[in-house]
Amino acid sequence: LVIKWLAIIIVGGLFYAVVGDVISDNTVFTHLAAYELAYVVIALFITVAFLAIKKMANGKLVASDVFGSGEYYLGMIAGLVRYTCIVIFALAFLNAPLYTKAEIDADLRFQNDVYGSDFFPKLYSVQSDVFEKSFVGPHIHNELGFLLIKSTPREVKEIRKEREIGMTN
């Protein structure tokens, strides 16, 4: 499971942009949605591949006692690495949307006008808290940023109608 999660975040981090650009160019998905979809598709593909490998091995990988008495300690380290990968996977999606200062200011004005305060956190405030104000978040963003989905602005993509055959003749 550790190798699977390492593969998901490394392969996903390296290839989501390529797959996402293909999806965005050939469908109605915006770049942000296409990048997120590509990351999920890559993760699902790797998960299915590891399930197939596990099925072909018939449980022989789990039953082996390669590490002997050190398996307990190595298991704890493996668990730490696995859950770190899961957190990085979640942080990749948190990093994906890009919020401009104008969008944040407009939303804060709206909340203050309508509700009288900005009590409930929005995604941009959670994003700021995690990647700017937390202890580990800035380090993850700076040193492991290649594993995260790049911050992508929202866009409006119009659906184009295909020309009907015979209209140009």
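Observations on the structure shown:
- Under a 5 Å amide H cut-off, with hydrogens placed 1.01 Å from N, Thr152 pairs with Leu98 among residues at least 5 apart or on other chains.
- Heavy-atom accessible area order for Glu158, Glu36, largest first, 1.4 Å probe: Glu158, Glu36
- When the Cα positions of Ser125, Leu37, Ile53 are compared along the charge dipole of the chain, Ile53 comes out farthest toward the positive end, with charges on each C-beta of Lys, Arg, Asp and Glu.
- All lysines inside 27 Å of Lys54 as judged from Cα atoms, apart from same-chain residues fewer than 8 positions distant: Lys4
- Length added when fully stretched, Val87-Leu14, from 0.36 nm per residue minus Cα-Cα: 24.6 nm
- Environment charge at Ile3 (Cβ cut-off 13 Å; Lys +1, Arg +1, Asp -1, Glu -1): +3
- Alpha-carbon centroids, the range 1-55 and the range 81-136: separation in whole Å: 23 Å
- Between 0 and 90 degrees, the angle of helix 101-115 with respect to the longest Cα principal axis of the chain falls at about 80 degrees.
- Note on Tyr99: accessible area is roughly 50 Å² with a 1.4 Å probe, heavy atoms of protein only.
- In this simple spin-label approximation, Val48 and Lys133 carry label points 7 Å from Cα along the Cα→Cβ vector, and these lie 4.2 nm apart.
- Since only Ala102, Leu1, Leu80 are under comparison, the one whose Cα sits farthest along the positive direction of the charge dipole of the range 1-123, derived from C-beta charges on Lys, Arg, Asp and Glu, is Leu1.
- Relative to the dominant Cα principal axis of the chain, helix 31-57 is inclined by about 20°.
- Normalised contact order of the range 1-158, rounded percent, pairs of Cα under 8 Å and 6 or more residues apart: 35 percent
- Computed about the Cα centre, the dipole magnitude for the chain is approximately 540 debye when only Lys and Arg (+1) and Asp and Glu (-1) carry charge, each at its Cβ.
- Fully extended contour minus Cα-Cα distance, from Glu143 to Ala78, at 0.36 nm per residue: 21.3 nm
- Probe 1.4 Å, protein heavy atoms only - accessible area per residue of the chain in square angstrom: 72 Å²
- For the chain, adding -39500 (n - 2.57) for each run of n ≥ 4 DSSP H residues and dividing by the number of residues yields -21500 deg cm²/dmol at 222 nm.
- Kirkwood Rh in Å, taken over the chain so that all alpha-carbon pairs contribute: 19.3 Å
- Carbon/sulfur fraction of accessible area - the range 109-160, other protein chains in place, 1.4 Å, %: 59 percent
- Take the Cβ atoms of Tyr115 and Asn26, set R0 to 45 Å, and the FRET efficiency comes out at 0.65.
- Summing Lys and Arg as +1 and Asp and Glu as -1 over all other residues whose Cβ lies under 15 Å from the Cβ of Ala38 gives a net charge of -2.
The values are calculated or read from the model by the stated rules, or taken from the named source; none is laboratory data. Just so you know, these numbers come straight off a predicted model, no measurement behind them. Reconstructed Cβ throughout: ideal geometry from the backbone, glycine too, with neighbour counts over all protein chains shown. Please note that ligands, DNA and RNA were not included when accessible areas were found on the heavy atoms of the full protein model with its side chains. Shrake-Rupley method; radii C 1.70, N 1.55, O 1.52, S 1.80 Å.
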